[in-house]
Every structure is written in structure tokens, then in C-alpha cells.
């Protein structure tokens, strides 16, 4: 498997209902590799490097997703594991968290909740790991020196721009709504769309000054996304990777 696959952001969804996998992919605006059992994921562990894992409690072949959570957490310590189920058994939440899941979602899934929980858990893990540097594509944000660097140079950025950039990198390819950026960066302080747009413009300009490969793109009626400019090519690569994984599994 080519090393580039390891650098492209995607999630894993372990659920025997393919509709759920497709929903998660659409909600996040991010590729998700779908597996009907956790055993298949473990079998492919050497070629996978997800930024998040969604695992249903009741899986195909009578597997229980909770039984695999400790191994999933161990294999990908930087990827939050989010358990999910439509089962109303109240004890499942405590069982999932005790097993090591970072969060728990009840079905039917809701787009805003699913995206927010993944992003929040990813940010928590990043803080827990105390990363001094955050990477996306070929850009690097140094938290200690407050600099953004890439192939074309290095640039200092303002505190607000740092927070916005950190939030985008933390989302790792997920679509972010403007209101979510406002809440994350300014909290309860009222901020106009114009003020936010000016700050995002500055972040865009900073990224452009250090890299020709990364951009913040506006998605009509949905929000904003930090992505590699060759996004469509990367999607083809990930689709190709899914085909290879399916052949390995079969």
C-alpha cells in the first residue's frame, strides 16, 4: 500500500448496515471505509490509519462491537473511537466508556451531533497528546512558536488566526459550519459573519503564503473545509484503497 494513503484523512465505520456508513460519510463530508465486522478492520490494521472510528454495538456474525474497543483504541491511539447503537439498553453507554470508547451516540444519527462529537473528541486527544506541532498535508503549525510553515516558507499568525487554524486542522477534512467556528473561537461573544470572514481570509492568505497544496474551501450551504487542492485525486486514491482492502478481506 502506498505511503500516501496514510496521509489522507478518512474515518472507519464498523456497521453491518451500509446505509449508516453512507450517512456518516455524507454527514462528515469525509471518506469513510465501511466494514460489517470489527474482525475485518483488525485484519486490515497494517494498511489503515483513520482519524476516527465509529463502531456499532451489534455487528454482523454476532460480533459485539464493545469487545473490540480496547484493541481499536490501542491500534490507533490518536483516533477517537465512538460507539453507536439504536439499542435502548441504558447500560451500554457505561459499558462502552468502560471499554475505552471516547464517546457514545444513539441512533438515528444526527449530522450536527455526529460531526461535533468527532471533532471534539479529536481535539481532546490532540490536547492530551500535547502535540507541539499540528500537521495537515505539507503545512505545519507550531504551537510553541505560533508559526505556520510549509514548502514556501514560514509565517507568524495572530492569536485568533491560530485558534481558527487549529480548529480546521483538528477537523482533519470534515466540513465545519461558520457558527461552530464562532462558538469554538469566541465562545459566547457575538461575532458577525463579516468579522469571521475577515479572519478566515487572513488564515487563507497565511496558508497560501507557505503552501500551494492546502486550501480552505467554501462548500455552498454547508460550511468550510480544510483540504488538499488535489482533493478529487485523493478521493480516487481512497476509493482505490477501499477496493484493495475489500480484495484483501475477501
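The values are calculated or read from the model by the stated rules, or taken from the named source; none is laboratory data. Source: prediction; values computed, not measured. Every residue, glycine among them, receives a Cβ derived from its backbone with ideal geometry; neighbour counts consider all protein chains shown.
Among the residues of region 168-187, the ones that are in contact (Cβ under 8 Å) with a residue 24 or more places away in the chain and assigned to a helix (DSSP H, G or I) come to 8 in all.
Checking every residue in region 84-100 against the condition of being under 24 Å from residue 246 (Cβ atoms) and modelled with pLDDT of 90 or more gives at least one match. Within region 48-65, identify whether any single residue is within 23 Å of residue 110 (Cβ to Cβ) and in a helix (DSSP H, G or I), and answer yes or no. Yes: region 48-65 contains one or more residues that are within 23 Å of residue 110 (Cβ to Cβ) and in a helix (DSSP H, G or I).
Note on region 166-181: residues that are closer than 12 Å to residue 224 by Cβ and buried (at least 17 other Cβ atoms within 10 Å of the Cβ) total 9. Every listed requirement among (1) surrounded by 14 or more Cβ atoms within 10 Å (Cβ to Cβ); (2) at pLDDT below 90 is met by residue 37 save one, (2).
In region 179-190, how many residues are farther than 14 Å from residue 116 by Cβ and in contact with a helix residue (DSSP H, G or I) (Cβ under 9 Å, 6 or more places away or on another chain)? Steps first, answer last, please.
Initially, region 179-190 is screened for residues farther than 14 Å from residue 116 by Cβ, giving 185-190.
Checking the rest, the ones that are also in contact with a helix residue (DSSP H, G or I) (Cβ under 9 Å, 6 or more places away or on another chain) come to 185-186, 189-190.
Of the residues in region 179-190, 4 are farther than 14 Å from residue 116 by Cβ and in contact with a helix residue (DSSP H, G or I) (Cβ under 9 Å, 6 or more places away or on another chain).
Of everything in region 191-250 that's part of a loop (DSSP other than H, G, I, E, B) and surrounded by 12 or more Cβ atoms within 10 Å (Cβ to Cβ), which residue is modelled with the lowest pLDDT? Reasoning before the result, please.
Here is the first cut: in region 191-250, the ones part of a loop (DSSP other than H, G, I, E, B) are 191-192, 211-213, 220-222, 229-230, 250.
Of the ones still in play, those that are also surrounded by 12 or more Cβ atoms within 10 Å (Cβ to Cβ) are 191, 211-213, 222, 229-230.
Values: 191: 89, 211: 94, 212: 92, 213: 90, 222: 83, 229: 81, 230: 73.
Looking at the filtered set, the residue picked out is 230.
Among the residues of region 53-67, is there at least one that is over 22 Å from residue 137 (Cβ atoms), modelled with pLDDT under 90 and in contact with a helix residue (DSSP H, G or I) (Cβ under 7 Å, 6 or more places away or on another chain)? No, region 53-67 contains no residue that is over 22 Å from residue 137 (Cβ atoms), modelled with pLDDT under 90 and in contact with a helix residue (DSSP H, G or I) (Cβ under 7 Å, 6 or more places away or on another chain). Given the structure, is residue 46 surrounded by fewer than 22 Cβ atoms within 10 Å (Cβ to Cβ) and more than 19 Å from residue 92 (Cα to Cα)? Answer is yes for this residue.
Taking the criterion of being modelled with pLDDT of 90 or more and assigned to a loop (DSSP other than H, G, I, E, B), the only residue of region 17-30 that qualifies is 17. Of the strands (runs of 3 or more DSSP E) lying entirely inside region 73-148, those containing at least 1 residues that are loosely packed, with under 13 Cβ neighbours inside 10 Å span 133-136.
The residue of region 150-167 that is farthest from residue 213 (Cα to Cα), among those that are touching a helix residue (DSSP H, G or I) at 6+ places or on another chain (Cβ under 6 Å) and not in a helix (DSSP H, G or I), is 157.
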